[in-house]
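Scroll down for the structure; my scribbles are underneath it.
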């Protein structure tokens, strides 16, 4: 089975919609897929979790399907969204100096795509 992890760095909703759609599409087609929030993208979490936000329904669908692998611990703390990440139940990832490392996913057979 193809395994892919999508590392999202940007906090642009027009970019992040493609992260959500790609992960949901891969999952629907039987691929193992997941999303890692990194950098500025961690700031989108609180917005997406709010009913009425343009990405809310896709976010909830992806979250309910277990497609969020987690969020960067260091970036979440630095950008002031650590409480939001924890409230949303996303794991904090920090295996690479406080940030989520791509190599660990590659070692487990994941292809890495960055957004």
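Descriptive notes on the structure:
- Relative exposure of 21, 45, judged by other C-beta atoms within 10 Å (fewest first): 21, 45
- The alpha carbon centroids of segment 65-85 and segment 7-22 are separated by 15 Å.
- Cα shape, segment 1-65, gyration tensor, a/c 1.5 rule: oblate
- Residue order for 115, 68, fewest other beta carbons within 10 angstrom first, comes to 115, 68.
- Rounded, prolate or oblate (a/c below 1.5 giving rounded, otherwise prolate when a/b exceeds b/c) for segment 32-89 by Cα gyration tensor: oblate
- Its relative contact order, with pairs defined as Cα atoms under 8 Å and 6+ residues apart, puts the chain at 33 percent.
- Tensor-based shape of segment 57-113 (alpha-carbon gyration tensor, a/c under 1.5 rounded, otherwise prolate or oblate): oblate
- Ascending count of other beta-carbon atoms within 10 Å, so fewest first, for 6, 57, 90: 57, 90, 6
- Option label - Cα Rg over 2.2 N^0.38 Å computed here, alternatives (1) 1.18; (2) 1.05; (3) 0.97: (3)
Bear in mind these aren't lab numbers, they're just calculated from the coordinates by the rules spelled out. From a predicted model like this one, the values you see are computed outputs, not experimental measurements. Heads up, the Cβs are rebuilt from the backbone with ideal geometry, glycines too, and the neighbour counts pull from every protein chain shown.
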